[in-house]
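See below for the structure under consideration.
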Amino acid sequence: MIELKGVTKTVGAETHIHSVDLRFERGTLNVLLGPTLSGKTSLMRLMAGLDRPTSGTVHFDGKDVTGVSVQKRDVAMVYQQFINYPNMSVYENIASPMRVARVAKAVIDREVRKAAELLRLTPYLDRMPLSLSGGQQQRTALARAIVKNAGLVLLDEPLANLDYKLREELRAELPRIFAEAGTIFVYATTEPSEALLLGGNTAALSQGRVTQFGPTIDVYRMPADLITAQTFADPPLNTVAATKSGLRFTLGEGAELPVPDHLRALSDGSYTLAFHPHHLRLDAPGDGTPPLPGRVTITEITGSESFVHLFFQEESWVSLVHGICHFEPDEQIDVYIDPARLMAFDGHGRAALPPPALAA
Amino acid sequence: MTDSGATRMTAVSDSLMRGGAAGSATMAALGQSEAIARRMRRRGREARFSWLVPTIYIIVLMLPIYWLINMSFKTNAEILSTFSLWPQNPTLRNYAIIFSDPAWYSGYINSIIYVSLNTVISVSVALPAAYAFSRYRFLGDKHLFFWLLTNRMAPPAVFALPFLQLYSSFGLIDTHIAVALAHCLFNVPLAVWILEGFMSGVPKEIDETAYIDGYSFPRFFVKIFMPLIASGIGVAAFFCFMFSWVELLLARTLTTTSAKPIAATMTRTVSASGLDWGVLAAAGVLTIIPGALVIYFVRNYIAKGFALGRV
């Protein structure tokens, strides 16, 4: 179990981490989700002991390890860049943590071959890391982290520099590989979809603060505030200012929407409504949801999905629809918000009511 | 090549014409290919004389060295009496004198001792300093780093007097270590700059990965970091060697007899019978050899070294 208590890190005049409290249990997979510069790497460095917090303490299995040097901590880390020792063979790279720990030769050989087998590096054991492809280099770094058998494994966007295919493969394998060891597994990523695919728990980060921490699905479905919801949305979340009076939301200037059941309990007043792009539909649902007028700016087609960027009044929205769907720029279309998926946030950006637990 | 190339091109354009699609596009292509062929012919004529300038340059450059080697195989009588492009009566007498007379060969031994001492001291002092400059930010680090280089900007003569005074009060005059230490004054900053450049090319994450793997700092530095900057260490050592080898003023001022460098010996060869030209030339040739040998080992990294490791 690793626990951060009120950890703050300032560098010069800049505060990179604002009083973070976090607790990761053994045998869990934890995702740090946030855009670049949100403090994911800083937080990982603090957990690893590479940096010392300006204030606050770090506890590992109940012991205060705040000032303990990184060599004495039970940590493994993989960087976004492919970091290996260029002057050692892949075999020696993987063996390196065990060599330092003076593990018996036979054990080293067995463990290295096991890890290499797991990450499909066996044919490359005698090669130098720089002669390998990016994916193989990163797998070497991962293998080194595996053989160390550390209590805390930190992966800092390990798949960001890999190509699509390898990424999918490794993403599926990683949790399985580390789950066996019963370690605390921390994975930093900028991509919401990656967090959802990995599962486990997610800590959403924004500007050096943890905005929400909990099971990944819960954080995704019930964001505690607008920033978390925005962090956890790709393509970006659609928002609109709305005023509630009775059973009607008035969106911007004029358009009206009936208040869905789960938001009935809200008191009248102004809110920010938010919903995911795949909850903005282009075809009438047929349940009386009123159409909203939209003006198309551009359509992006990926094949199986189309992103329709449009303006609703002054708000820029995206609709994610299945299949190929093409509109000319400036075309006027009707869009329909799925009312059951609406999230409402108050003037401070906090969730006005717990959103429906079943929304997906 | 140019003739046959032009013929082939004409043949190709002929076939294009016959191909039926001989529209204006083909005509344009034909015109273009002829223009290219013409340009190639002209370049061919130019290329016939392009060896001339470098050859002249190299001859001018090598002439003094050739003349030195030439003289070293001649007798004094031949050097002084006739003008000959190569030795008429080649002799090894000059080299024999140098290898048999302690006054001569001890000069080489002295030079090699203090130069090696200096190289070892400079590089081993510069390694940790360069690591600090490359990896840590501390108060005034940039100023200090620049100030180091300014040490090279003063002529060594400026330092001759203070060194002489200092070393004589410590009884270091006429010892190898005295010259080695004096040369550190301008070799250490240079080595720090070169090594810092090479070290900054190694990502900091490698250091951190090593610490995470459990390496202690000294073990990481020797086992992982030094192999990574081996070429930098080689280049830094080469530059220290070279500057110490060619430096004459401090080496001469701080020594009298037992640590006298070869360059000093060479300037003191006027005897009652006049200058011994042949021996002097042989000594010159032997002085060039160590530098040439050392430069051979770091030849691939010299350019990076001159850019202080920042390429």
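In this structure the protein assembly as shown gives 50 Å² per residue of accessible area when probed at 1.4 Å with all protein chains present. In plain terms, the chain from residue A:295 to residue A:328 could stretch by 10.9 nm, reckoned as 0.36 nm per residue minus the Cα-Cα distance. Across peptide B:209-222, the mean count of Cβ atoms from other chains lying within 10 Å of each residue's own Cβ comes to 6. Tell me, what is the percent relative contact order of segment A:259-323, built from C-alpha pairs under 8 Å that lie six or more residues apart? Worked out over segment A:259-323, it gives 29 percent. Springs join every pair of Cα atoms under 10 Å in this Gaussian network model of chain A, and among A:229, A:265, A:188 the largest mean-square fluctuation is at A:265.
In loop segments of segment A:162-196 as defined by DSSP, the GluC sites (Glu not before Pro) with at most 12 further C-beta atoms inside 10 Å of their C-beta are A:180. Taking a sphere under 11 Å around the Cβ of residue B:84 and counting the other residues whose Cβ falls inside, with K and R at +1 and D and E at -1, yields a net charge of 0. Across chain A, the mean sequence separation of Cα contacts (distance under 8 Å, 6 or more residues apart), normalised by length, yields a relative contact order of 16 percent.
In the protein assembly as shown, a dipole from Cβ-located charges (positive for Lys and Arg, negative for Asp and Glu) runs towards its positive end, and of A:146, A:232, A:324 it is A:146 whose Cα lies farthest in that direction. Give me, ordered by chain and number, the residues 5 or more places off residue A:248 or on other chains with an amide H under 5 Å from its own placed amide H. Placed amide hydrogens put A:259 under 5 Å from residue A:248.
Membrane-span-like helices in chain A, defined here as complete DSSP H runs extending at least 24 Å along the helix axis by their C-alpha atoms with mean Kyte-Doolittle hydropathy no lower than 0.0, are absent; this is a sequence and geometry rule, not a statement about a membrane.
Remark: mean inter-chain Cβ contacts per residue of A:66-77 equal 3, using a 10 Å Cβ-Cβ cutoff to other protein chain atoms. The B and A chains share an interface that buries close to 1700 Å² of accessible area, total over both sides, probe 1.4 Å. For the set B:260/B:304; A:9/A:72; A:148/B:204; A:5/B:204; A:5/A:114; A:63/B:204, the pairs lying more than 26 angstrom apart at their alpha carbons are B:260/B:304; A:5/B:204; A:5/A:114; A:63/B:204. With all protein chains in place and a 1.4 Å probe, the accessible surface of segment B:102-306 carries 73 percent carbon and sulfur. Surface composition of chain A: carbon plus sulfur atoms hold 52% of the accessible area, using a 1.4 angstrom probe and ignoring ligands, DNA and RNA.
Per-peptide packing, taken as the mean over residues of other Cβ atoms within 10 Å, places A:156-164, A:104-112, B:238-246, B:134-142 in the sequence B:238-246, A:156-164, A:104-112, B:134-142 from highest down. From its DSSP helices (H runs of at least four residues, each -39,500 (n - 2.57)), the protein assembly as shown gives a residue-normalised ellipticity at 222 nm of -14500 deg cm²/dmol.
The values are calculated or read from the model by the stated rules, or taken from the named source; none is laboratory data. Model, not experiment: these values are computed from the prediction. Cβ atoms come from the backbone with ideal geometry, glycine included; neighbour counts cover every protein chain shown. In case anyone asks, the SASA skips ligands and DNA or RNA and just uses the protein heavy atoms, side chains included. Shrake-Rupley method; radii C 1.70, N 1.55, O 1.52, S 1.80 Å.
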